[in-house]
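Please see the structure below; I have some questions.
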Amino acid sequence: MGSVVSEAVKLIVSGDREVLFIAFTSLRIALTSTVLASLISVPLGVFLHFTSFPFKRGVVSVLHALMALPTVVIGLLVFSFISRSGPFGSLILLFSPAGIVIGQVILASPILTSLVYTGLSKIDPRFHETLITLGARKGDVLTASLSEARYVIISAVLAGFGRVVGEVGVSMMLGGNIRWYTRTMTTSIALETSKGEFELGLSLGLILMILALMINAATHILLKSED
């Protein structure tokens, strides 16, 4: 076991070409998915918080339920749309980084929206009332509320990134785990472990662990600074 760990560390320290390619591919896809999901989810979370409409409670409940949607279900759903026989088959998105991004955006969006909505809901109601009493307009109230909840929103984005960078179902089903093209850290770990090649899998696992620790530390620092 010690030799396996030492070889895994050696692959990282030496800058193994395949390890770096897989790691950067995972980061590139996860960052793209997180940015796109944030552009959709942050405004949607803000809209849900500041707008009243019929069945709002039901919409929020469905949103919370979608946070637990299995990745393989999302992968199967997107697969049916972008496969050759699907309505978007002509775009050739299946087994490509773009296909993975689509799946990860769908995976992350409910999580980000729910966390943003929940974070804004925790703002003291007297904060809004005070602003209105002082003559603030709706736009000013919105801007002030977003500024007040900025750390919660950033932590929600970090949580979304952590979710997509560590998922395997969507990446495997929509990316195909193609070497030097769509192979990510999670799909590589699954493949290399099944082959008995533990060194490469462990090296990628160590990178994932470091990323997870960094995300958790950043989230903790942001939430602590808010207090």
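Charges at C-beta only: +1 for Lys and Arg, -1 for Asp and Glu. How large is the resulting dipole of region 2-226 about its Cα centre, in Debye rounded to 20?
So the magnitude is around 480 debye.
Pick out, from Ala218, Leu158, Ile74, the residue whose Cα sits farthest towards the positive end of the charge dipole of the chain, with +1 on the Cβ of Lys and Arg and -1 on the Cβ of Asp and Glu.
Positive-most Cα among the choices belongs to Ile74.
Students often check this: by mean Cβ neighbours within 10 Å, which of 44-52, 85-93 ranks highest, and how do the rest follow?
My ranking of the peptides, most packed first, is 44-52, 85-93.
In deg cm²/dmol and to the nearest 500, what is the mean residue ellipticity at 222 nm of the chain if only DSSP H runs of at least 4 residues count, each as -39500 (n - 2.57), divided by the residue total?
Rounded to the nearest 500, it is -25000 deg cm²/dmol.
Just how many % of Cα pairs in region 2-226 lie over 30 Å apart, if you round to the nearest whole percent?
Value for region 2-226 (Cα pairs over 30 Å): 35 percent.
What's the local net charge at Glu199, with K and R +1, D and E -1, over the other residues with C-beta under 14 Å away?
-3
Between Leu39 and Met67, what length comes free when the chain is fully extended (0.36 nm per residue of separation minus the Cα-Cα distance, one decimal in nm)?
8.3 nm
Please state the charge dipole magnitude for region 6-133, taken about the Cα centre, from unit charges on C-beta atoms (+1 on K and R, -1 on D and E), reported in debye and rounded to the nearest 20.
Result for region 6-133 is approximately 220 debye, rounded to the nearest 20.
Another question, then. If each residue's Cβ is checked for other Cβ atoms within 10 Å, how do Met67, Met172, Met185, Met209 rank with the fewest at the top?
Met209, Met67, Met172, Met185
Report the relative contact order of the chain, percent, no decimals, based on alpha-carbon pairs under 8 angstrom and at least 6 residues apart.
Worked out over the chain, it gives 31 percent.
In the Gaussian network model of the chain, springs joining C-alpha atoms below 10 Å, which of Val164, Val19, Val116 carries the largest mean-square fluctuation?
Maximum fluctuation in the GNM of the chain, among the listed residues, is at Val19.
For the pair Val59 and Phe21, how long in nm is the line joining their label points, each one 7 Å along Cα→Cβ?
4.6 nm
Okay, which of region 185-221 sit inside 15 Å, backbone N to the point 7 Å along the Cα-Cβ direction of Ser3?
In region 185-221, the label zone of Ser3 (backbone N under 15 Å from the point 7 Å along Cα→Cβ) covers 197-200.
Quick note: the coordinates plus some simple rules give every number you see, no bench work behind them. Here the structure is a predicted model, which means the values were calculated and not measured. So basically every Cβ, Gly included, is an ideal-geometry build from the backbone, and we count neighbours across all protein chains shown.
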